[in-house]
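Notes to accompany the following structure.
The values are calculated or read from the model by the stated rules, or taken from the named source; none is laboratory data. Just so it is clear, the structure is predicted and the values come from calculations on it, not from any experiment. Virtual Cβ from ideal backbone geometry, glycine too; neighbours counted across all protein chains shown. Note: areas computed on protein heavy atoms with side chains; ligands, DNA, RNA excluded. Shrake-Rupley method; radii C 1.70, N 1.55, O 1.52, S 1.80 Å.
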Amino acid sequence: MNLRPGSRLLAALLLALAGTPACAQDLLIRNATVHTATARGTLQSADVLVRNGRIAAVGQGLSAAGVATVDAQGRPLTPTLFAGITDIGVEEVSGESATVDHSVSLGQSGKDMQVRPEFDVTRAYNPDTALVPVARVEGLGWTTLAATPTGGGSFIGGQGGVVRFDGSLDPVGGRVLFITLGGDGASLTGGSRAAQWMILDQLVDELRGRIPQDSQFALLTPAGRTALARFIGGGGRIAVNIHRAADITRLLRWSKQHGVKVALVGATEAWKVAPQLAATGVPVFVDPLVNLPGDFDQLGARMDNAALLRAAGVQVGFSQSDSQSHYARKIRQLAGNAVANGMRWEDALAGLTRVPAEAFGVAGEMGSISVGQRADLVLWSGDPLDVAHVAQQVWVDGRAMPMRSRQTDLRDRYLHSESGLPRAYPDSAR
């Protein structure tokens, strides 16, 4: 029987893993084009050795007795990709409120602001969500969960964090505080973006004791003060959804004044202030598919935003502006479009691997192929930033993940068979 190259590779993978216990975490991947996402760059005809779920060696001519071996046949090997900033596992069906946990609304209405930075969305994460295998079969291995501002809450959405698609209940690394500024947050701050800075300054005054905790004007609960204090003065990362260049400049001034580590999300007009962003080391997560003004904050939208930012020295990552969770697989298309509009291929891959890992404090665990990292790896049929190619095998901690999801099951169920009817039909109907 003659098999196409892709089919031969799949058969080789299955043969190599046949008879291997599901919990096995030792693995040798040979003869791969290894995109390390490190200063080593891309290694041709290289091997990756995994021991106990961690990368033990990366080089050529590696060997290990008794270890399951996969011949990559020169195909690309990357770290598992970042799925973006999403609601995977805290939103199952957007139209069914019982499955949506990414926002807290304790106020009576949109005008009744409740500032609750102690809200931690990771406590609602469901590792058994159907969205995890849907994303994982596309080569995505982890995401940053976002707490979303909403009416009855405030423009400070709360805390999120990194979760891996390995079935674990708990997040990895520290928490990230999510804030929405500019036009998108104005409805939560009395109808004006100017009020956002007024309220932020008041919150800092509360932390510094300039407004008594029992004051009728205090906005924070005791737990809220403790939570917010972790992000002021050099603590954890604050991810700010923001677009207009003038607002970004004010944010940079405010963050410098209070010693706050920020990351920008959306940042449609960030290219206008690229030198300032590069000088401050602020990472920026953009959607390269945004080329038209979605509102008055995004009049400067352009498809080469990512390329211009990176050329100026900014660390650029990617996150979708809509449908982030259910269409997480599109994030590869975002990176590919950034390349098509002037970004270096290596920088685009870094935007799906190393850059988000560094920005969200998990670079010691994931985001590159280097010794000591978790063996979260993807073997591709071709260029991972080209949606014409697919993930052929995903490993998490060196364990081969099932390359199936609810979507692939439905596809297979309703494929037409030789009889002309879908396989879901009983034999009596054929």
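Quick notes on this one:
- Among 279, 56, 124, the residue with the largest mean-square fluctuation in a Gaussian network model of the chain, with springs joining Cα atoms closer than 10 Å, is 279.
- Acute angle (nearest 10 degrees) that the helix 5-17 long axis makes with the longest principal axis of the chain, alpha-carbon atoms: 90
- Per residue, the solvent-accessible area of segment 177-295 (1.4 Å probe, heavy atoms of protein chains only, all protein chains present) comes to 43 Å².
- When you restrict to C-alpha pairs under 8 Å that are six or more residues apart and normalise by the size of segment 269-334, the relative contact order lands at 39 percent.
- When 143, 69 are compared by accessible area of protein heavy atoms, the largest-first order is 69, 143, using a 1.4 Å probe.
- With Cα atoms, 0 to 90° folded angle of helix 194-207 axis to the chain main axis: 90
- DSSP finds beta bridges in the chain, and of those with both partners inside it, around 55 percent are antiparallel.
- Per-residue SASA entry for residue 169, accessible area with 1.4 Å probe, Å² rounded to 10: 110
- Relative contact order %, segment 305-347, counting alpha carbon pairs below 8 Å whose residues are six or more apart: 52
- Estimated FRET transfer efficiency (residue 425, residue 323; beta-carbon r; R0 25 Å; 0.05): 0.15
- When nucleic acids and ligands are ignored and a 1.4 Å probe is applied, residue 54 ends up with an accessible area of around 80 Å².
- Shown are 330, 261, whose ranking by accessible area with a 1.4 Å probe and every protein chain present, most to least, is 261, 330.
- Per-residue SASA entry for residue 383, accessible area with 1.4 Å probe, Å² rounded to 10: 60
- Judged by the mean number of other Cβ atoms found within 10 Å, the most tightly packed of the peptides 205-218, 337-350 leads the ranking 337-350, 205-218.
- When only Cα pairs below 8 angstrom with a gap of at least 6 residues are kept, the chain shows a relative contact order of 18 percent.
- Sites residue 410 and residue 217 - FRET efficiency at Förster radius 41 Å, r taken between beta-carbons, to 0.05: 0.15
- Among 131-138, 363-370, 195-202, 88-95, sorting by the average number of other beta carbon atoms lying within 10 angstrom of each residue, highest first, gives 131-138, 363-370, 88-95, 195-202.
- Placing pseudo-labels 7 Å out from each Cα toward the beta carbon at residue 246 and residue 106 gives an inter-label distance of 3.4 nm.
- FRET efficiency, residue 256 to residue 229 (Cβ-Cβ, R0 30 Å, nearest 0.05): 0.95
- Protein accessible area in segment 127-271, 1.4 Å probe - carbon and sulfur %: 51
- Degrees between helix 331-340 axis and first principal axis of the chain (Cα, 0 to 90, nearest 10): 90
- Calculated semi-axes √(5λ) of the Cα gyration tensor in Å (choose from [x] 31, 28, 22; [y] 43, 32, 21; [z] 41, 24, 21), label: [z]
- Spacing of the modelled spin labels on residue 65 and residue 25, each 7 Å from Cα toward Cβ, amounts to 2.3 nm.
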